[in-house]
1. For K14, list the lysines whose Cα falls under 21 Å from its own Cα; do not include residues on the same chain fewer than 8 positions away.
2. May I ask you to derive the relative contact order of the chain, considering only C-alpha pairs under 8 Å and at least 6 residues apart, and to give it as an integer percent?
3. Using θ = phi - 60° and the Karplus curve 6.51 cos²θ - 1.76 cosθ + 1.60, what whole-Hz ³J(HN,Hα) does each residue of the stretch 25-36 get, with Gly and Pro shown as x?
4. Assigning unit charges at the beta carbon (Lys, Arg +1; Asp, Glu -1) and nothing else, what dipole magnitude in debye, to the nearest 20, does the stretch 1-68 show about its Cα centre?
5. Express in % the proportion of alpha carbon pairs of the stretch 1-72 at distances exceeding 15 Å.
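Each value in this text was obtained by applying a stated rule to the coordinates, not by laboratory testing. In this text, all values refer to a predicted model and were calculated from it rather than measured experimentally. Cβ: placed from backbone, ideal geometry, glycine included. Neighbour counts: every protein chain shown.
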Amino acid sequence: MENECYYCNITPYKQTINIGQQKFNDGTTSNIKLNPYDTSLLTVDTWNVPIKGSEANMYTITVKVNYCPMCGRKLI
């Protein structure tokens, strides 16, 4: 079936599956996935694990996409 992509379909728990995760040497981690509230938005959440005496930081980058980057299904 065309709607069987694990990445661009919403789970029964109202989530989407990570397309990828990147971990960096400084403790920063990024997760890439389609937004579960609007799957035409590709979201990258990046955060760091604080080093003693520093604060944790998190930021999100979102970009509109027309097709699922994994299966190619049109999202709009």
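1. The qualifying lysines are K33, K64, K74.
2. It comes to 23 percent, rounded to a whole number.
3. 4, 8, x, 7, 10, 10, 10, 10, 7, 7, 5, x
4. 120 debye
5. For the stretch 1-72, the fraction of Cα-Cα distances above 15 Å is 58 percent.
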